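The values are calculated or read from the model by the stated rules, or taken from the named source; none is laboratory data. Predicted model only: the values in this text are computed from it and were never measured. Here Cβ is always computed from backbone atoms with ideal geometry, including for glycine, and neighbour counts include all displayed protein chains. Accessible surface areas use protein heavy atoms only, side chains included; no ligands, DNA or RNA. Shrake-Rupley method; radii C 1.70, N 1.55, O 1.52, S 1.80 Å.
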Amino acid sequence: MAIESDVIRDGKPVVGYGFNSNGRYSAGEILRRRVLPRLLEAEPGSLLDERGGLDHAKAWDVMMRNEKPGGHGERSVAVGVVDLALFDLASKIEGMLLYRYLSERYGDGQPDDSVFVYAAGGYYAPGKTLTDLQDEMRGFLDPGYDVVKMKIGGADLAEDLRRIEAVIDVLDGDGSRLAVDVNGRFDLNTALEYGRAIEPYGTGSSRWSR
């Protein structure tokens, strides 16, 4: 998503960008039918803080007006991508990198020098071989990522172990650089079975069981 402002820098409008990698929800329809019309129709001053800067909390209140309390996955995805774009826009208007903007506005003004990140992929696909999976992971390592995450749980345990071993080979045999994710698919017994099976590899995990 791109939110174009009326603030001009170097002859061009300042634009805030938001990105969402999850395509399972109808975020576009929610944005077009409900969320964005409210934001566009809001009185401009109602979106500003006392300094005249963009206020994300006020914008969020406008976007969520008349929404059902609680939350639905598809709505959080839709509103979240606008939220990201608004934060990006506000930091650019202030002439600050986003991490410094967040630290000064919501933290102690002393941002961390580094943040742990990983590259996620390793999805299942028809005809995708172990070599394809390894090439995908190398594509994450080449730009500088040190830790990667892959999907498991979409095949039987034996096949997933082969996939895990193939990726660890790309990671120079260091299983601590690999995280695995089943997106809450497993029941408790399956999660424990997989946990015992991969424990020797020293991998990390996230979202094991529902």
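Brief remarks on what is shown
- Heavy-atom accessible area per residue - the range 1-58, 1.4 Å, Å²: 71
- For a label point 7 Å along the Cα-to-beta-carbon line of Ser176, residues of the range 102-143 with backbone N under 16 Å: 116-117
- A full extension of the chain between Arg185 and Phe19 corresponds to an added length of 57.2 nm, given 0.36 nm per residue minus the alpha carbon distance.
- Carbon + sulfur, % of accessible area of the chain - ligands and nucleic acids excluded, 1.4 Å: 51
- With all protein chains kept in place, the per residue accessible area of the range 67-106 amounts to 53 square angstrom at a probe of 1.4 angstrom.
- The range 36-146: C-alpha pair distances exceeding 17 Å, %: 69
- Rounded to the nearest 20 debye, the dipole magnitude of the chain is 740 debye, with +1 charges on Lys and Arg beta carbons, -1 on Asp and Glu beta carbons, and the Cα centre as origin.
- The label-point distance for Val7 and Ala42, in a model that sets each label 7 Å from Cα toward Cβ, rounds to 1.5 nm.
- Under the Debye formula (equal points on every Cα, no solvent term), log10 I(q)/I(0) of the range 38-85 at q = 0.21, 0.26 Å⁻¹: -0.75, -1.03
- 3J(HN,Hα) along the range 146-156: 9, 10, 10, 10, 10, 7, 9, x, x, 9, 6 Hz, from the Karplus curve 6.51 cos²θ - 1.76 cosθ + 1.60 with θ = phi - 60°, whole Hz, x for Gly and Pro.
- Long-range lysine pairs (8 or more apart or interchain), the chain, Cα under 30 Å: 6
- Put a plus charge on the Cβ of each Lys and Arg, a minus charge on the Cβ of each Asp and Glu, and nothing anywhere else: the dipole of the range 85-210 about its Cα centre is then about 400 debye.
- Each label was represented as a point 7 Å from its Cα along the Cα-to-Cβ direction; for Ala155 and Gln110 these points are 4.8 nm apart.
- Cβ-defined net charge surrounding Ser103, 14 Å radius [Lys, Arg +1; Asp, Glu -1]: -3
- Over 27 Å [Cα-Cα, the chain], rounded percent: 50
- Antiparallel %, DSSP beta bridges [both residues in the chain], to 5: 35
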